[in-house]
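Reviewing the structure listed below.
The values are calculated or read from the model by the stated rules, or taken from the named source; none is laboratory data. What you are looking at is a predicted structure, and each value in this text was computed from that prediction instead of being measured. Here the Cβ positions follow ideal geometry from the backbone for every residue, glycine too, while neighbour counts run over all protein chains shown. Surface accessibility is based on the protein's heavy atoms, side chains included, excluding ligands, DNA and RNA. Shrake-Rupley method; radii C 1.70, N 1.55, O 1.52, S 1.80 Å.
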Amino acid sequence: MTTTSPNARRRLARECVTAGIEAAHPERVVHDAVTLDGDTLRIRETTFDLATYDSVTLLGGGNAASQVAAAVEDVLGERLDGGIVVTDDPAETDRVEVLRGDHPVPSERGVEATRRLLDAADAAGEDDLVLAVVTGGASALLTAPAGELSLDDLQATTDGLLASGAPIGETNAVRKHLSDLKGGRLARRLAPARVATLVFSDVAGDDLSVVGSGPVVPDPSSYDDARSVLDDYGVEVPNAVHDHLERGVDGTDDDTPGTDDAAFDRVGTHLLATNRTAVDAARDVAADAGYEPLVLSTTVVGEAREAAKTHVAVAEEALTTGDPVEPPCVVLSGGECTVTVAGDGTGGPNLEFALSAAFDLPPGATLCAVDTDGRDGATDAAGAVVDAETVSDRRAAARALRENDAYPVLESRDALVETGATGTNVNDLRVLVVGSE
């Protein structure tokens, strides 16, 4: 068996992560997927004759929205007439206005920015082409409280959902039914314009109705689903939220539009980047380094600290028996784990994943787990890289996990991976490097 040092494993794990993030950056993705030849705009296999439209604008939101806008500007140049995106990671643009919002909890500036975006959507006409950008983070960044709901109502509900451990699909079922924009309602605002949606998915399985809470696609969820999520996960919400959902369940308020709604007659959706984009790039780096790569899954979900144990078991099996892949190897996974918050510490899903794995990783294995947007939870770290030497005080580390306080433990062991805002968001990426001592 090939011998690999701990430093070499850590270095390779970080290189794989870096490659994955770079492969999913909008600058690279957009230039691969979007081209302009004379009057012909091509998005993947779909073409648009720009000569037939009065205007071409770009509207949307998410962590990577301004990076997408900048890349589209580079492709279209003067053929792009303007637009608005709402993001927490602004990029320099010439034609598209970049407005600030906040993530993962919505903010007042996000509300104001979204109002301006909705005004622009309302102004779009039948002879206009709108490029609608939806990336991870749009659920929080595009904030338009429905009915009589306030920002405080949305913030309290978001905090409760994030702490509950509810999967993103169920969390977004609630968000959709508290919004004037989510769950296909933006499509209604854009109609009758022609809409081409550019999607960067941060959702395991790439369900378009869940990415960014699906503002321009049909919504399969209902008010009753939203109410059930709150009940199932014991999320306490303000009375205004409860009353709003009850009116929807009773049929007093219209539900989100489904597949038969005319709002989607002129809407097309183009999935430009997914978690697989990042995983495949990381796999190529591993192979080039002489390691046998294996993609475990791009849809790993569930409680972060429990999912980590499966990855430890894979490392142990590989070292002991050569299954499911013979070392030296790199096992890759993606998806979106969650954390049920019981303490008041500092951490996030990838930090808990890494710390939980570090308890039992065998010598010869190193694991790196990151959020591709560069921020794990509300921390300034993307994630962490760990091995058998990371946990020096098991009792203190166990206490940190119970209190959801993984960050300081990993920081003290120089295990944090800090990338800053990456300009993209295609969910979590985990790289397990297995060699031998």
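Taking amide H as placed 1.01 Å from N in the peptide plane, T269 has its amide H under 5 Å from the amide H of T197, each at least 5 places away in sequence or on another chain.
Legend: translational diffusion of the chain by Stokes-Einstein, Rh = Kirkwood radius over C-alpha pairs, 25 °C, 0.890 mPa s; D = 111 µm²/s. Between A146 and S179, D180, the built amide H atoms are under 5 Å apart, and every one of these is 5 or more places off in sequence or on another chain.
Highest-first packing order for the peptide set 326-335, 346-355 is 346-355, 326-335, based on the mean count of other beta carbon atoms within 10 Å.
The long axis of helix 108-123 is offset from the longest Cα principal axis of the chain by roughly 50 degrees.
Inter-part distance, the stretch 306-326 to the stretch 238-272, computed on C-alpha centroids, equals 43 Å. Largest mean-square fluctuation among D102, D288, D255, in a Gaussian network model of the chain whose springs join Cα atoms under 10 Å apart, belongs to D288. Given their separation in residues at 0.36 nm each and the Cα-Cα distance between them, D231 and A51 gain 59.6 nm when the chain is fully extended. Whole-percent P(r), the stretch 271-333, all Cα pairs, 10 Å bins from 0: 21, 45, 30, 3, 0.
What does the C-alpha gyration tensor say about the overall shape of the stretch 136-206? Classify as rounded when a/c is under 1.5, otherwise prolate if a/b is larger than b/c, or oblate. Oblate, because a/c is 1.5 or more while a/b does not exceed b/c. Sorting 416-427, 313-324, 140-151, 108-119 by average packing, meaning the other beta carbons within 10 Å per residue, from highest down gives 416-427, 140-151, 108-119, 313-324.
Semi-axes of the stretch 106-177's equivalent ellipsoid from the Cα gyration tensor, sqrt of 5 times each eigenvalue, largest first, rounded to whole Å?
Working: eigenvalues 129, 44, 20 Å².
Those come to 25, 15, 10 Å.
Ligands, DNA and RNA left out, the 1.4 Å accessible surface of the chain is 42% carbon and sulfur atoms. Based on the Kirkwood radius over alpha-carbon pairs, what value in µm²/s does the Stokes-Einstein equation return for the translational diffusion coefficient of the stretch 266-307 at 25 °C and 0.890 mPa s? Using the Kirkwood radius from Cα pairs, D works out to 192 µm²/s. Helix 151-164 axis versus longest C-alpha principal axis of the chain: approximately 30°, rounded to the nearest ten. For the stretch 166-265, the normalised intensity computed at q = 0.11, 0.17, 0.25 Å⁻¹ comes to -0.32, -0.74, -1.34 (log10 of I(q)/I(0), Debye sum over alpha carbons, equal scatterers, no solvent).
Calculated accessible area for the chain comes out at 39 Å² per residue, all protein chains present (probe 1.4 Å; ligands, DNA, RNA ignored).
Can you give the direction-averaged projected area of the convex hull of the alpha-carbon atoms in the stretch 373-437, in nm²? Mind dumping the intermediate values first?
Working: hull surface 21.3 nm².
Over all viewing directions, the stretch 373-437 projects a mean Cα-hull area of 5.3 nm².
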